[in-house]
Amino acid sequence: MNKILSSIKSGELEEIGRGSYGIIYKYKGENKVIKFSKNKGQFNTYKNEYKVQKDIYNCYKKYFDENIKKYVRIAKPNNFKSNHQICSFEMQYIDSFKEAVLQGYFGTPEYQYLVDGRGIYLGLKQLNEYFQTIEFKIPMSKIIFNVGYLIGFVQYVCKHTANDTEITIDKNGIIYMIDFGKSEKYIDPDIEILAWSLFSEPYYPREDFEYYDEFESGYLKAAKEAGMEYLALSVLFEMNEK
């Protein structure tokens, strides 16, 4: 842990974000970041987030559809460390914009908003424009199918609620799910909780929105792989009733 403090002082670690959760640093020249806090109230939160993300990442590596894996991913967790003074959670760096992580609001027609230390949030129109600027081009219908498969996979194959997770996009158009601090492993699924994860933030389209059919198809594909398609249909119904 002293090495982390020394790296911060020397400038080897560069601050790229901060908030109530602590500070996020990036290792210069390396593809990894570290969430760092001196707040002891955050220690168990970081530890739980690391364990959840590791469980989901291992599930992803083992079971995720290989044909979709090159388009959507789970950010890789590296390690969690703590002592009586500080704690840290190291994970894969997602390279999007220098000033912010790009967040994909596929469930809202038009939106653009920068939150310092958090990210830049783009609606569907702005996301369409963004995807046209990169070499990694696939149709928006396929992108949203893949996003549906990703959240469905986490909820039904990995059996995690995915509460308060975020959908981010790197500079090459690869989509990642991050921020697993409030996601929980379940034994008996709760339809309302699973549905809340779909509508609490506009990452995912609803049935009266463009590309909903593609989202639903991807979501149900993942649920079917887990033998939970009937449950997924109930979750989608609950989401669209809200």
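Tallying residues that are among the hydroxyl-bearing types (Ser, Thr, Tyr) and crowded, with 20+ Cβ neighbours inside 10 Å within the range 213-237 yields 1. Pick from the range 113-134 the residues that are of a type in the set (Val, Ile, Thr) and more than 18 Å from the chain's Cα centre (by Cα): which of them is surrounded by the most Cβ atoms within 10 Å (Cβ to Cβ)? Only one residue fits best here, namely Ile134. In the range 177-195, of all residues being within 8 Å of the chain's Cα centre (by Cα) and not in a loop (DSSP other than H, G, I, E, B), the one that is modelled with the lowest pLDDT corresponds to Ile178.
Tell me the residue from Phe131, Phe106, Phe153, Phe180 that is of a type in the set (Phe, Trp, Tyr), in contact (Cβ under 8 Å) with a residue 24 or more places away in the chain and farther than 26 Å from Phe237 by Cα, please. It is Phe131.
The criterion of being of a type in the set (Lys, Arg), surrounded by fewer than 18 Cβ atoms within 10 Å (Cβ to Cβ) and at pLDDT below 95 does not hold for Lys159. In this entry, Glu49 is excluded by the filter for residues that are in a loop (DSSP other than H, G, I, E, B), closer than 19 Å to Ile178 by Cβ and touching a residue at least 40 places away in the same chain (Cβ under 8 Å).
Checking every residue in the range 163-173 against the condition of being of a type in the set (A, V, I, L, M) and at pLDDT below 95 gives at least one match. The number of residues in the range 79-96 that are under 20 Å from the mean Cα position of the chain (by Cα) and either outside any strand (DSSP E or B) or surrounded by fewer than 17 Cβ atoms within 10 Å (Cβ to Cβ) (or both) comes to 5.
Residues are listed down the side, and each one gets a yes or a no for (1) under 20 Å from Cys87 (Cα atoms); (2) under 20 Å from the mean Cα position of the chain (by Cα):
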site	(1), (2)
Tyr25	yes, yes
Glu30	no, no
Phe36	yes, yes
Gly41	yes, no
Thr45	yes, yes
Val52	yes, yes
Ile56	no, yes
Lys61	no, yes
Phe64	no, yes
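Is it the case that some residue within the range 57-75 is of a type outside the set (A, V, I, L, M), part of a strand (DSSP E or B) and more than 22 Å from Asn172 (Cβ to Cβ)? No, because not a single residue in the range 57-75 is of a type outside the set (A, V, I, L, M), part of a strand (DSSP E or B) and more than 22 Å from Asn172 (Cβ to Cβ).
The values are calculated or read from the model by the stated rules, or taken from the named source; none is laboratory data. No experiment lies behind these values; they were computed from the predicted model shown. All Cβ positions, even for glycine, are placed from backbone atoms using ideal geometry, and neighbour counts span all protein chains on display.
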